[in-house]
Structure formats: structure tokens, C-alpha cells
1. Report every pair of residues separated by at least 6 positions or lying on different chains whose Cβ atoms are under 8 Å apart, first residue within segment 50-68 and under 18 Å from E169 (Cβ atoms) and among the charged types (D, E, K, R), second surrounded by fewer than 20 Cβ atoms within 10 Å (Cβ to Cβ) and modelled with pLDDT under 95.
2. Find the residue count for segment 109-155, including only residues that are in contact (Cβ under 8 Å) with a residue 60 or more places away in the chain, in a helix (DSSP H, G or I), touching a Leu at 6+ places or on another chain (Cβ under 8 Å) and of a type outside the set (S, T, Y).
3. Looking only at segment 71-101, which residues are aliphatic (A, V, I, L, M) and either assigned to a loop (DSSP other than H, G, I, E, B) or more than 15 Å from D129 (Cα to Cα) (or both)?
4. Answer yes if at least one residue in segment 81-89 is under 16 Å from E109 (Cα atoms) and surrounded by fewer than 21 Cβ atoms within 10 Å (Cβ to Cβ), and no otherwise.
5. Being within 12 Å of the chain's Cα centre (by Cα) and either among the small types (G, A, S) or modelled with pLDDT under 95 (or both) is the filter here, so list the residues in segment 146-176 that pass it.
6. Quick one: would you say L50 is in a loop (DSSP other than H, G, I, E, B), under 19 Å from F164 (Cβ atoms) and hydrophobic (A, V, I, L, M, F, W, C)?
7. Output the residues belonging to segment 123-153 that are among the aliphatic types (A, V, I, L, M), surrounded by fewer than 20 Cβ atoms within 10 Å (Cβ to Cβ) and out of contact with any strand residue (DSSP E or B) (no Cβ under 6 Å at 6 or more places or on another chain).
Amino acid sequence: MWAMNSCFECGYLYASTARHDIAPTLSALAQSYANRLAASSDDVLRSHLLPQTWSALEYACHVRDVLTVQDERIQLALTEDEPTLAPMGRDELVQQRQYNAQQPGTVAEAITAAAAGLAVSLERLSDSDWRRTAVYSWPNQSIRTLEWIGRHTVHEMRHHLMDFDRNTERAASESR
């Protein structure tokens, strides 16, 4: 499903996003989430139609947290030489933070703010900063550049927007 620089499921190719396009792409994707969260009904956003699959709202909350964690990781890699980045505990956070009980409007605002913050961090990187490395734990432990982390964040947002859309389309069709 996922290779080092591409995703077979959503079709994202890491090389397709130029370094200078990472920050604006994150901001544009954040707006897409905000628009979709505003346009979908509460029951559609919170529905679980497939076992082992998050609701659309849970995907949105995950993306919000990914943006925050990636910004923290970038800051760490700027201050430490090749730090080992701790896993974010993605599956545990769904329950711990009660993603499906959160308010969609608040989540939309948080995604937009987190994307803007990460975009600012990325826009401030020098050429040598983009090449700084960290030990990334997912899907296996590998040394990654900040440029890869930026592109991976674009992938996370794009991929989960696809998941979000699948869920809302399925939930909307089942409620008709």
C-alpha cells in the first residue's frame, strides 16, 4: 500500500510536490478539510460504517494532530542532530482525545491554524535546514530529511482527505 516515496492507494508521489510548494499545499489542503467539515452533517461526520475504519471526523482530528506533531518534529530536528522521533500514537489518540466527540467547527479551525503554523516553519527553512535529518519511525525506522517530512505531511493530508470523502459519501448514501 505504501512505498518509501509513493502511495499505491491514493497515488501520491512524493517527488510530485516541489519543496517550495509544500507549505502552500498544506494550507490549501487545510482549507479543503475546513470546507468539507462545514458542508457535512454531524451524523455523516461521526458515522462508522466499516469496522476498523475511523469516521470522517476522526480522520480530520488525526490530520490536525499530524500537523502539530510534524511541526514539533521539525523544530526538534532543527535543534538536535538527527533526533529519533517518537511515534505519535495515532490509534491511541482516537480514544484518548475522543476524536468523534469533538466539534467539527473547532476541528476545522484547528486544522487551519496548525497548517498555517507548519507552513510558517517550513517557509523559514534554509536550504541546509531542508536537508537536516531525523530518525522517523513509520512505517519502519529510517533516517528522513525535513524535506521528506514535509512531503510526507502533504501525503498524510491528501490520503486522509480521500478517506474522509469515502466515509462521508458512503454515510450520506446510506442515510438516503
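1. Within 8 Å, the pairs are E58/V94.
2. The qualifying residues number 10.
3. Looking only at segment 71-101, we keep the residues that are aliphatic (A, V, I, L, M), and these are 74, 76-78, 85-86, 88, 93-94, 101.
Matches in segment 71-101: L85, A86, M88, L93, V94, A101.
4. Looking only at segment 81-89, we keep the residues that are under 16 Å from E109 (Cα atoms), and these are none.
There is no residue in segment 81-89 that is under 16 Å from E109 (Cα atoms) and surrounded by fewer than 21 Cβ atoms within 10 Å (Cβ to Cβ).
5. Residue satisfying the conditions is G150 alone.
6. On the way: in a loop (DSSP other than H, G, I, E, B): yes; under 19 Å from F164 (Cβ atoms): yes; hydrophobic (A, V, I, L, M, F, W, C): yes.
Here the answer is yes, as L50 does meet what is asked.
7. Step one: filter segment 123-153 for residues among the aliphatic types (A, V, I, L, M), giving 125, 134-135, 143, 146, 149.
This time we only want the ones that are surrounded by fewer than 20 Cβ atoms within 10 Å (Cβ to Cβ), so: 125, 135, 143.
Listed by number, the list holds a single entry, L125.
The rows are residues; the columns are (1) in a helix (DSSP H, G or I); (2) closer than 30 Å to T84 by Cβ; (3) not β-branched (V, I, T).
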{"residue": "A34", "(1), (2), (3)": "yes, no, yes"}
{"residue": "L37", "(1), (2), (3)": "yes, no, yes"}
{"residue": "L45", "(1), (2), (3)": "yes, no, yes"}
{"residue": "W54", "(1), (2), (3)": "no, yes, yes"}
{"residue": "A60", "(1), (2), (3)": "yes, yes, yes"}
{"residue": "V63", "(1), (2), (3)": "yes, yes, no"}
{"residue": "V66", "(1), (2), (3)": "yes, yes, no"}
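The values are calculated or read from the model by the stated rules, or taken from the named source; none is laboratory data. This one's a predicted model, so the numbers in the text were calculated from it and none came from an experiment. Please note: Cβ atoms are built from the backbone with ideal geometry, for glycine as well, and neighbour counts cover all protein chains shown.
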